[in-house]
Amino acid sequence: MGRFRVKKQDTFIDMTPMSDVMVLLLTFFMLTATFTKEEPVKVNVPGSVSEIKIPENNLLTIFVSPEGKIFMTMDSPVGQEKMAQELIDNNKLSLTAQQLKEFAQVPTFGTPLNTIGSWVDMEPAKRNELLTKDSGAGIPCDSLNDELKEWVIAARNANGENMGIAIKADKNTPYSSIKEVMNSLRSIDESRYNLITTLKAGE
Amino acid sequence: MAQIDTGGGDQGKSKQKKMNARVDFTPMVDMIMLLVTFFMLCTTLLKPQTMEIVMPSDKEDIKKENKSQVQTDEAITIIIDKDNKIYYFEGKPSEATLQETSYGKDGIRAVLLNKNKQAKAEVDKLKKEFEGKYSANAEKDKKNKAEFKERLSKIKNADGTPTAIIKPTDASTYKNLIDILDEMANCYIGKYVIDKVNEQDKAMVAGLAK
């Protein structure tokens, strides 16, 4: 009789099914990905029962921070560049070609018109710091100096009739700041806009 | 013995070495895992909801229309004050008494539903009618939904339904406003405006607080 032999175990695990699943998952996430834009302030939007989704593209978002500072972003760099170009053409803003290119790529902006140039020249990491910490940051929006109006008019002219406007404000933003935004939108006849909320479970 | 020893078998056949056809997938899986994690963390699957509102513009004709609405008996005015307080009165400000209420089901919603009984009954009827109509056919379902929406808005904007005038004070927060706008949807009120608080409203609130 032969010797008793322990059968040598094969330690090689077949990874093929696993990589199949992984690739599927990866494709799913890549196709559904909509990247979160960097926002200078953390905005906690209130919940609502409304189930309307925001428009996919061509959307101008106006952020209102809890302190009442106003920032703005356009969902595509192209749209943002067009908007700035419109302001430059109307002599409201002065940017060099290089600065304009840089400006098109910034995720969120919000400084008075005369400091946009120097703000764009800063390092990307410092830009948001200035937006959050400097008390002079934010788009001015009061009866004396209403630059928000200029921006919205420029965006409307540059991006056409079907551009949507959305207001994204924090839960604790005082209504007085919202009122200013609404008033300046009203004064330029922009009466249709969206208020961004999150889904709230029904009571 | 001039034979060259091939080191193999005595048969003299050269045996090809069997190639191992298995490829090690582990590094690939590692990399894909990393990518999946990256995409999972960077995406926002949930799109934020929005509320569509239409504000009256400054044009004269629309302003006049609003003024006439305020005069009717169907008006209900909601004043949103600081510290999550809300007040409401019905009808004309000169004749009405201001009352305090709260957010949520037992507060403002009960008041509004009571005011909007007719629409509520009709919407309930409508909902019942459409309840059994769910269809697996996507196109049919879409058509049903569109019809439902249309009839809902008809009920909401019918004559005799109340008009809400929302007056947020400067000290109220954005959340308060959204909550009230939510109640408008919950209570099927189709006609509402956001207005400024005037001195009379302020005096009424101050009078109640005493």
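The values are calculated or read from the model by the stated rules, or taken from the named source; none is laboratory data. Keep in mind it's a predicted model, so treat the numbers as computed, not measured. With ideal geometry, Cβ positions are generated from the backbone for all residues, glycine too; neighbour counts draw on all protein chains shown.
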Of those in region A:152-177 that are part of a helix (DSSP H, G or I) and touching a strand residue (DSSP E or B) at 6+ places or on another chain (Cβ under 6 Å), the residue farthest from the other protein chains (Cβ to nearest Cβ) is A:Ala155
Does region B:164-180 hold any residues that are within 16 Å of B:Met55 (Cβ to Cβ) and touching a Ser or Thr at 6+ places or on another chain (Cβ under 7 Å), and which are they? B:Ile165, B:Lys167, B:Tyr174, B:Ile178
Quick one: B:Ala119 ticks every box in (1) crowded, with 16+ Cβ neighbours inside 10 Å; (2) of a type in the set (Gly, Ala, Ser); (3) farther than 24 Å from B:Asp179 by Cα bar one, so which box is it? (3)
Can A:Val49 be described as surrounded by 12 or more Cβ atoms within 10 Å (Cβ to Cβ), farther than 18 Å from A:Gly138 by Cα and either β-branched (Val, Ile, Thr) or in contact with a His (Cβ under 9 Å, 6 or more places away or on another chain) (or both)? yes
Determine whether A:Ser187 is in contact (Cβ under 8 Å) with a residue 60 or more places away in the chain and within 14 Å of chain B (Cβ to nearest Cβ). no
Of residues in region B:91-116 being of a type in the set (Lys, Arg) and surrounded by 17 or more Cβ atoms within 10 Å (Cβ to Cβ), the one modelled with the lowest pLDDT: B:Lys115
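Name the residue, out of A:Ile70, A:Ile62, that is away from chain B (no Cβ under 12 Å), aliphatic (A, V, I, L, M) and touching a Gly at 6+ places or on another chain (Cβ under 7 Å).
After applying the criteria, what remains is A:Ile70.
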Single residue of region B:162-197 satisfying the filter (charged (D, E, K, R) and in a strand (DSSP E or B)) that is nearest to the other protein chains (Cβ to nearest Cβ): B:Lys167
All positions within region A:101-117 that are in contact (Cβ under 8 Å) with a residue 60 or more places away in the chain and more than 13 Å from A:Leu148 (Cα to Cα): A:Pro107, A:Thr108
How about region A:1-34: which of its residues are within 25 Å of B:Met40 (Cβ to Cβ), within 7 Å of chain B (Cβ to nearest Cβ) and assigned to a loop (DSSP other than H, G, I, E, B)? A:Met15, A:Ala33, A:Thr34
More than 14 Å from every other protein chain (Cβ to nearest Cβ), free of Cβ contacts under 8 Å to residues at least 24 places away in the same chain, outside any loop (DSSP other than H, G, I, E, B) and on the phi < 0 side of the Ramachandran plot: which single residue out of A:Leu130, A:Leu144 fits that description? A:Leu130
Assuming B:Tyr88 fulfils every condition listed in (1) surrounded by 13 or more Cβ atoms within 10 Å (Cβ to Cβ); (2) modelled with pLDDT of 70 or more; (3) part of a loop (DSSP other than H, G, I, E, B); (4) not polar (S, T, N, Q) apart from one, which condition is it? (3)
Which residue out of B:Glu129, B:Glu122, B:Glu100 is closer than 29 Å to A:Val45 by Cα, more than 14 Å from chain A (Cβ to nearest Cβ) and either of a type in the set (S, T, N, Q) or over 21 Å from the mean Cα position of the chain (by Cα) (or both)? B:Glu100
The residue that is modelled with the lowest pLDDT, considering only those in region A:179-203 that are touching a strand residue (DSSP E or B) at 6+ places or on another chain (Cβ under 6 Å), over 21 Å from A:Met83 (Cβ atoms) and outside any loop (DSSP other than H, G, I, E, B), is A:Leu199
When the residues of region A:132-183 are narrowed to those that are farther than 27 Å from A:Ser76 by Cβ and polar (S, T, N, Q), which ends up surrounded by the fewest Cβ atoms within 10 Å (Cβ to Cβ)? A:Ser135
For region A:58-77, which residues satisfy the criterion of being more than 9 Å from the chain's Cα centre (by Cα), assigned to a strand (DSSP E or B) and surrounded by fewer than 22 Cβ atoms within 10 Å (Cβ to Cβ)? A:Leu59
